[in-house]
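Remarks on the structure that follows.
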């Protein structure tokens with residue numbers, strides 16, 4: 001089981017991405033798939049020289065190659081990779097032409113609906129307060145959707161919201177070199193480990209476990225070229241990888257709380273970002289330079305230090321998630337939100353005070 005479920009899927013995705021990425025870098029330079037800070041007027045741009053975008057492509061190639069070898073061709077797998085391919089295509093177009101964020105958000109919903117329509121949903125969650133199980137699949141439409149899958153109102157709706165949230169949350173978490181692939185590699189590995197706690201002979205859990213380690217391997221292979229100083233950026237095409245990660249977190253039962261915890265820092269930053277933008281009268285879709293990693297840069301932290309900070313916290317929270325009960329995970333999530341939220345509030349106050357003093 002170790003070699004066929006963990007080691008080989010991880011290694012194939014890792015090696016394929018490691019080999020493919022430098023080839024893609026050369027191709028992207030030739031075709032002009034470049035993030036040039038002189039022409040790309042984006043508030044979150046921090047690099048000084050042109051760097052290729054489109055890192056989602058080599059990661060997806062590595063994931064697809066490993067998937068062909070190790071994953072069964074089921075309706076769920078086919079729909080998942082089709083949705084990821086759509087996300088990759090639209091994201092790559094955005095890397096080249098800067099598509100409207102509203103269009104990207106609509107595509108996120110489309111690909112999430114495609115995945116959920118194949119039969120992936122959240123049928124129940126463990127009640128962290130009173131024990132027992134909260135079933136979400138009791139109310140459904142009788143009209144079939146994507147074959148034999150009926151529309152289950154709460155199960156499907158929550159799954160769609162979760163997938164769209166993960167895609168956007170992780171997209172916001174690629175502000176410094178190496179930040180995103182490290183988070184994805186750790187999160188996917190933890191989810192894969194948790195998948196092995198369930199009967200691996202169940203096909204859904206087997207797919208979840210293998211795909212988790214495939215994602216982890218591909219993200220780690222890409223990290224070699226994205227760590228500071230980056231030779232390539234993930235670009236918006238990496239949304240395809242976030243979609244896959246969000247899916248494995250709900251593909252088999254009881255991993256949603258783990259995913260929330262291991263991605264607790266970018267999740268809290270994402271929640272804070274949406275609230276902050278809305279309260280300031282701005283659209284939550286438009287970018288700014290006030291994410292946690294931007295605030296840490298303002299405090300003179302280096303990009304490597306910030307990436308390592310995110311990785312370390314994700315690894316610690318991921319390890320805890322494997323040990324904690326449902327109630328313990330809820331308490332840990334609340335503590336993460338309080339601590340990271342408090343840090344964000346303090347750093348924003350400090351930044352505003354510094355700016356006010358500089359304007360005197």
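General observations
- Lone unmet requirement of (1) over 24 Å from residue 268 (Cβ atoms); (2) surrounded by 24 or more Cβ atoms within 10 Å (Cβ to Cβ); (3) modelled with pLDDT of 95 or more for residue 220: (2)
- Any hit, segment 239-256, residues being in contact with a strand residue (DSSP E or B) (Cβ under 7 Å, 6 or more places away or on another chain) and within 21 Å of residue 273 (Cβ to Cβ): no
- Candidate set from segment 1-33 (those that are closer than 30 Å to residue 213 by Cα and outside any helix (DSSP H, G or I)); member that is modelled with the lowest pLDDT: 1
- Output for segment 247-282, where each listed residue is touching a residue at least 24 places away in the same chain (Cβ under 8 Å) and part of a loop (DSSP other than H, G, I, E, B): 252, 253, 254, 255, 263
- Identity of the residue in segment 91-110, without any contact (Cβ under 8 Å) to a residue 40 or more places away in the chain and part of a helix (DSSP H, G or I), that ends up farthest from residue 166 (Cα to Cα): 97
- Qualifying positions in segment 288-307 - part of a helix (DSSP H, G or I) and either surrounded by 17 or more Cβ atoms within 10 Å (Cβ to Cβ) or more than 21 Å from the chain's Cα centre (by Cα) (or both): 292, 293, 294, 295, 296, 297, 298, 303, 306, 307
- The criterion of being touching a helix residue (DSSP H, G or I) at 6+ places or on another chain (Cβ under 6 Å), buried (at least 23 other Cβ atoms within 10 Å of the Cβ) and over 20 Å from residue 310 (Cα atoms) holds for residue 208.
- Near pairs, Cβ below 6 angstrom, 6+ apart or cross-chain, from segment 307-323 (within 26 Å of residue 225 (Cβ to Cβ)) to any residue that is outside any helix (DSSP H, G or I): 307/176; 307/178
- Residues being surrounded by fewer than 24 Cβ atoms within 10 Å (Cβ to Cβ) and either in contact with a strand residue (DSSP E or B) (Cβ under 6 Å, 6 or more places away or on another chain) or not in a helix (DSSP H, G or I) (or both) - total across segment 161-174: 1
- Condition check for residue 354: assigned to a helix (DSSP H, G or I), out of contact with any strand residue (DSSP E or B) (no Cβ under 8 Å at 6 or more places or on another chain) and farther than 20 Å from residue 188 by Cα: yes
- Yes/no for residue 333 being in contact with a helix residue (DSSP H, G or I) (Cβ under 6 Å, 6 or more places away or on another chain), modelled with pLDDT of 90 or more, surrounded by 14 or more Cβ atoms within 10 Å (Cβ to Cβ) and closer than 15 Å to residue 256 by Cβ: yes
The values are calculated or read from the model by the stated rules, or taken from the named source; none is laboratory data. All figures in this text were calculated on a predicted structure; none of them were measured in a lab. Using ideal geometry, Cβ is built from the backbone for each residue, glycine included, and neighbour counts are taken over all protein chains shown.
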